[in-house]
Structure formats: structure tokens, C-alpha cells
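The values are calculated or read from the model by the stated rules, or taken from the named source; none is laboratory data. Computed from a predicted model, the values in this text were never measured in an experiment. For neighbour counting, all protein chains shown are included, and Cβ atoms are generated from backbone atoms with ideal geometry for every residue, glycine included.
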Amino acid sequence: MIQIQEIHKSFGRQKVIDGLSISIAKGELVAVLGSSGSGKSVLLKHVAGLLKPDRGKILLDGQDIHGLRGKTLASLRNRMGFLFQGGAMFDSMTVFENVAFPLTERTRLPGEEIRVKVMKELEAVGLSGSEEKYPSQLSGGMIKRAAMARALVRDPEIMMIDEPTTGLDPAIRLAVLKLIDESHKRLKFTGIVVTHEIPSALAIVDHVVFLKAGKVYSKTSGADFLSSSDPVIREFLGGDEGPEICPQKQGG
Ligand SMILES: Nc1ncnc2c1ncn2[C@@H]1O[C@H](COP(=O)(O)OP(=O)(O)OP(=O)(O)O)[C@@H](O)[C@H]1O
Ligand SMILES: [Mg+2]
């Protein structure tokens, strides 16, 4: 399970995270919502161990991740899958090499076993036949799906997924959400998905955490979030027609 305990983070004079706590039970998938700049990606990078909180703790199965070093840290990272905002594939590697990377770099599995796992994952994300392509030869949706395959190839117990659908067209957006839902059901990972995909993404998660001013403003079910009468939440939901979603529309 993931326990985020009263974390604080500032960049220079800007306080981005201000005493934020979230507890996620084993196997639960939580959606993190909030306006642009509210610190969602920063939060995920803390859980991934890429940023260190100024104060507070993040525990994974009771272990303080920022207290770990060397092998223990590496073995914890091996249990995690990440899908960062933007997808981030290595341009000079094929889809196959990109997806195989976590296995070739971090495990000693024999080549044939890696090949089987990679091909299975590519099939699951609908990219069979594209393994020899380079990222520059793929559409935005295919890159996201390849990045998902790379995140899933080690059967992660923990998944951090940042805006998996932004910039994709509507049909692909639903396909990517379905892929997350299916892989969550299959692998039963504990995870966070940051999304602006409202309402569709709320159907595949166990809870919705809404961030405001660097804190958890509310933690509810998806249905309760959507029907909330809280003016702040209503404004956020109404605001979805506004600036936050515009880049998606242009990108689609
Ligand atoms: N490494 C960094 N150095 C300085 N400031 C940063 C850094 N990372 C994030 N920030 C700032 O922290 C704030 C929160 O950023 P973050 O990327 O978490 O927003 P977000 O909620 O993910 O927004 P979006 O929905 O647009 O992705 C922003 O004001 C950003 O400029
Ligand atoms: Mg972000």
C-alpha cells in the first residue's frame, strides 16, 4: 500500500505541495484530479522517488522510500511502473527495444523470455506488428500505448500514470482507459492515475482525490465527485470546458 503522509514541497518561493496526505490500499487505483499547475505531476514524481519532499514521508508497504539506498531502492523501483506525462520513449530505439528496456536493463532474463513478454505486452496494447517501428513513425496514441506496454512489462505492483489520454482523439482515449482498467484488473497493481478525463476515467478507479492549494480537498467515489454540490468542485467540473481541456481538443 501507499501512504503519503503530510508532504510539503516548494520550488524556490513557490509552495506546490502543502501538507498533502493520501492513503491508497493495496490493489486500489486512485484518480488524482486538480487544475493545471495544482501539483499532480509533482506528487507522482514524489511517489516515484524522483523528487524528495521538504517535509513528510512516503511509505510503500511501510518503507519510507526516501530513506532507501542502493539495492533496496533499486528493488523497490523494479516493482513500479511509470507512465509520465508526454510518454517519453527513446527515439533511437524501436518500439520493441523501448518496451524491452526495463527488462534488458534491470533483469537477467534470457533474451527469448524477454521477447515473449514484450510481444505479449505489445499485443495487449494493440501494437502487434509495430515492434520494429521507431517512435517518430508512430501516432500520439500509439506512443502512449507503447509507453503503457513498457510500464507494464515488469508486471508492476505499483503504477504511476500521468495524463495517459491527453492529446489523443476520443476513440483512442477510451481505448487507453480500457487498457488501464484491464491491466489493473489483471495485475491488481496499486496506483495513481492523474487525469483530466472526466467523467470517463472516474469509472475505472476506486476513489477520486481532488487537489487544491497543495492539499487534498476531497476524497470521494467517482459518482459522489460528479454529483457533488460543493461550489469548488462544481467550479472545477464546469471549468472542464475551459482552458484545461483545450489542448486536448486541439491535439485530437
Ligand atoms: N522541477 C521543478 N522546478 C520548479 N518548479 C516546478 C518543478 N516541477 C513543477 N514545478 C512547478 O510546480 C507547479 C505544479 O506543477 P505540476 O507539473 O505538478 O502541475 P500539474 O498539476 O501536473 O499540472 P498539469 O495538469 O498542467 O499537468 C507548477 O507551478 C510548476 O511550474
Ligand atoms: Mg501534470
For residues that are within 26 Å of Lys188 (Cα to Cα) and either assigned to a strand (DSSP E or B) or hydrophobic (A, V, I, L, M, F, W, C) (or both), scanning just the stretch 46-60, find the one that is nearest to ligand 1 (Cβ to nearest atom).
Leu51
If I ask for residues that are assigned to a loop (DSSP other than H, G, I, E, B), of a type outside the set (S, T, N, Q) and closer than 22 Å to Val42 by Cβ, which ones from the stretch 168-215 would you list?
Phe189, His196, Glu197, Ile198, Val205, Ala213, Gly214
Test: Ser128 is in contact with a Leu (Cβ under 8 Å, 6 or more places away or on another chain), loosely packed, with under 15 Cβ neighbours inside 10 Å and modelled with pLDDT of 90 or more:
yes
Looking only at the stretch 27-45, which residues are touching a residue at least 12 places away in the same chain (Cβ under 8 Å), of a type outside the set (D, E, K, R) and not in a helix (DSSP H, G or I)?
Gly27, Leu29, Val30, Ala31, Val32, Leu33, Gly34, Ser35, Ser36, Ser38, Gly39
From Gln3, Gln85, which residue is within 16 Å of ligand 1 (Cβ to nearest atom) and touching a Ser or Thr at 6+ places or on another chain (Cβ under 6 Å)?
Gln85
Would a scan of the stretch 61-74 turn up a residue that is at pLDDT below 95, more than 14 Å from the chain's Cα centre (by Cα), surrounded by fewer than 20 Cβ atoms within 10 Å (Cβ to Cβ) and assigned to a strand (DSSP E or B)?
yes
Might you let me know whether the stretch 122-142 holds any residue that is within 16 Å of ligand 2 (Cβ to nearest atom) and not aliphatic (A, V, I, L, M)?
no
Inspect the stretch 83-91 for any residue being surrounded by 14 or more Cβ atoms within 10 Å (Cβ to Cβ), assigned to a helix (DSSP H, G or I), out of contact with any Leu (no Cβ under 6 Å at 6 or more places or on another chain) and at pLDDT below 90 and give the result as yes or no.
no
